[in-house]
Structure formats: C-alpha cells, structure tokens
1. Could you please let me know if residue 240 is crowded, with 19+ Cβ neighbours inside 10 Å, modelled with pLDDT under 80 and more than 19 Å from residue 395 (Cα to Cα)?
2. Quickly run through the range 196-245 and pick out the residues that are of a type in the set (S, T, N, Q) and over 16 Å from residue 153 (Cβ atoms).
3. Scan (1) within 26 Å of residue 369 (Cβ to Cβ); (2) modelled with pLDDT under 90 for the single condition residue 43 breaks and write down its number.
4. From the set of residues in the range 370-390 that are without any contact (Cβ under 8 Å) to a residue 40 or more places away in the chain and either farther than 23 Å from residue 348 by Cβ or of a type in the set (Gly, Ala, Ser) (or both), which is least open to solvent (accessible area, probe 1.4 Å)?
5. Just a yes or no: is a residue in the range 50-72 in contact (Cβ under 8 Å) with a residue 40 or more places away in the chain, of a type outside the set (S, T, N, Q) and under 30 Å from residue 369 (Cβ atoms)?
6. Of the residues 33, 69, which is under 26 Å from residue 101 (Cα atoms) and more than 33 Å from the chain's Cα centre (by Cα)?
7. For the condition among the basic types (Lys, Arg) and over 20 Å from the mean Cα position of the chain (by Cα), what is the one hit in 121, 109, 161?
8. Could you tell me which residue of the range 255-310 is modelled with the lowest pLDDT, considering only residues that are open to solvent by 40 Å² or more (accessible area, probe 1.4 Å) and among the hydroxyl-bearing types (Ser, Thr, Tyr)?
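The values are calculated or read from the model by the stated rules, or taken from the named source; none is laboratory data. It should be emphasised that the depicted structure is a prediction, and the values quoted were computed from it without experimental measurement. Because the Cβ atoms are built from the backbone with ideal geometry, glycine has one as well, and the counts that use them run over all protein chains shown. Just the protein is used for accessible areas: all its heavy atoms, side chains included, with ligands, DNA and RNA removed. Shrake-Rupley method; radii C 1.70, N 1.55, O 1.52, S 1.80 Å.
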Amino acid sequence: VLARRSPADSRRAQDAAREIFEAASGRVQGRLADLPAKSVASFIAVLVPKVLESPATSLQLLQDALYEAGARVMKFTPEQLVEILVSLSQAPHGFAHFFIKAGRAICSRANEFVAPQLVVRLLKAFAGAKYVHVDLFKALAGLVVQRVGDYGPEDLTQVIRVMAFCSFKPPQNLLDAVCKRVRGGFVGRDRKRRRVAEADLVRLGLSIAIVADHYDEEFFRTIFSGLDNCGELGAESLQELWLLHLTLKTDHGGSYSQFGMEDDTADALKEHYVDSKKAAARSKHRNTAERFVPAEVRQELQKLGKNRGMEWLADPVMPFTTMAGVVVDIGCRNDEMDGELVVEVDSIESIIVQLDTMGAVKDDFMTFNAVPDGITMLSRRLTASEGHRIAVVDARTWDLVMHPETDRSEYLRQLIKFSLER
C-alpha cells in the first residue's frame, strides 16, 4: 500500500510513507528465505517501480529478492513467475541472469504454461526487456501450434509480432497455422463476432513479412481485404502499413500490384512515415538531457569527410530518406564509392540481446551477443535492395571502448573501408 501512494499526497505524507517503506523493506530483506513464493513475487512487483523512483535505496533490495527468487525458481506457479518477469521488463536494469534462469525453468515446465494468456504475457515480458531466449521461444511456439484454435486474433497477432520484433524466426508449422487461420476466415470477426482491429491486421501482416521465408499471396490478399478504412489507424500503425507496402512492393511487385494499395494512398503513407521519423529524431537531438549517438557519429563523419571528399545526401543533422522511402540514420557519398553509403547506429533502442549466446566473462561481467530488432533488420534489407552500402556503428563500442579524439575517427574510417570493399 505504501509503495502505491499517490504523487498528489502531501510532501510530509510522502516522506513518512518512504521512511516506513524503507524500514519495512529492510526487515523483509533479512527474512526473504522465510517468505512463501507468492510473497516473494509480490515483493518484487512492488520493488520495481520503487527502483525507478529511488534506485539508491531500492536496487539492492530488488537484487536480493531476485537472488532468492532465482534459488527457488522452480517453486513458483506459472502465474507468479510471469508476474515477476512482467515487472522486471519495466525496470531500467537488465537482470539478464534472472531471465536466463526463468527461461530454463519454463522450458523444463512447458506443459504448465499452455494457457494462451500466459504465453502472450511471457513473450511480451521478454520483448519489453529486449531479450530473446531461443530455446524458450521455440518451446512457446510449439505450445501455440498445439492450441492455435484457442488463440483469439489479438493474442495470435501479439505472438507473431513479439517474435518478429525479437528477430526470432518462428518454426514453419507456426507460420503455416497462423496463415491458415487467416485464410480460413480469421479476418473480419473473431469468435465473439466482434470486428478484428485493423491495427492488428497491419501488425500481423508486417510481422509475417519480416519472418516468413516464402510468400503466401492469399494470406496478404486477405489482410489487405480487411483494411476497409486506413483513416482509423493510429500513427504507429500507419508507419507499419507503409513498411508492409514497401516490403511487398520490393519483394513481390508484380503479384502485389494486383491487390495492393493505390499510388496516392502509398504516397500519403510515405510522407507520414518520413515526417514521423524525422520528428522523432529532431526531438531526441534537441533533448540535451539525453545523449544522441547518431549526432555524435555525424560530427565525427564531418571531420572525416573533409579529408575524403564526403558529400552529404541530406541535412547532416537529420536522418536520410532513401529513394524508396526508408528512413535511416545517415546518408553520404564520396569519391571512393560506387553508389551511396548509409551509416546506421545500433543502440540500446534498436537491438535485441540473445540470452542463449553468452560471450566472454570478464571481471564477473557476462556479455551477450546482440542483433538488430526485426523492424531495423527489415529497414536495412530494404535499403540494401536499393543498392546502398551499409556501415553499422555499434553504440556499445562507441561508448565503452573509443577515445573521443582518436579511436572514434579511426573506427569510422575502418568501418567505411570495410563496407566499401564488401
């Protein structure tokens, strides 16, 4: 109750609540081993928002609670374990070790997690934390295939969307089952005779376009037949619809032209997509409280470009839009290039950490491999199909390894050279 007090309470009441909360938490901290599993799960759920508010006093409490939870991860009910993971997905710290333990535990107890709502919440928790646990995702995909008829349109859309976002390729039998549901009347109305949201149709179509190896024309025809009124879509859905249109047009132009959208609609979507992306970049660039790595990369490229005849393809402060209509971080050209070069930045906002692929352990710090999220990978594939060379700056390397004055310039020089030679 104390953790959930309203911010509108008086300062005195808030201070009193904070003192009591810290004292009570301290007593709980010393007796975590005596608490039942349900209380440990609830304690963690309460601590996460407190870490966001005052990490100095609450982070150690949360770490101790997670240590205890990890020691008896097999004793939690499916609902309790999912509650913990959903709470942690909102925390600013990764807590990868607990996600690993939980993933392994769930894989060994997969038959207890068959309920559709549990599968969806579990996948969304990993996506919220920007993690992918391949073995777990495979196990959950198998559960979805077994009970695909029990999943409503929204739930099935969430499953495929999370897997696509996490750059996880679902097994073919899951994609076949989803496409079959769509072709069999999934679109239009669900089991309760309510109309399926058009935003869900767009998300499902784009997700399948990201992860599927083969082109199911009837599936995409059905998706577009359900889009009666694009004017009801939100800003994010309109951007996704543009990417779906561009992907199908690029990969399957002749077939898609028979049922795809009209040119004037596509032009309007492109304009909205480009404006939205540039507005988001402009907002980040102006937010002096937040470092914007692409801006730093542009500054170093400007220094490098003076000696290499580099020509900007757009305002160097803003993202670059390709001819087809994909917005990327930086676009440039110089005398050594046959074509144009796109420089992208892999930052915490655009990568997914693969918990199954642990890297080196140094000073008790475990590193993991990371891959771009599904939308980023799709954007780069579309950019490469236009003939652009792509150089990717790793923001982690940029921040942790590079000396600002020397190493960063050399890093960019070698990165561009490698991209041009491929």
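1. So residue 240 does not fit the description; no.
2. 229, 239
3. (1)
4. Checked the range 370-390; the qualifying residue least open to solvent (accessible area, probe 1.4 Å) is 370.
5. yes
6. Criteria check complete, one pass: 33.
7. Just a single option satisfies the conditions, and that option is 109.
8. 288
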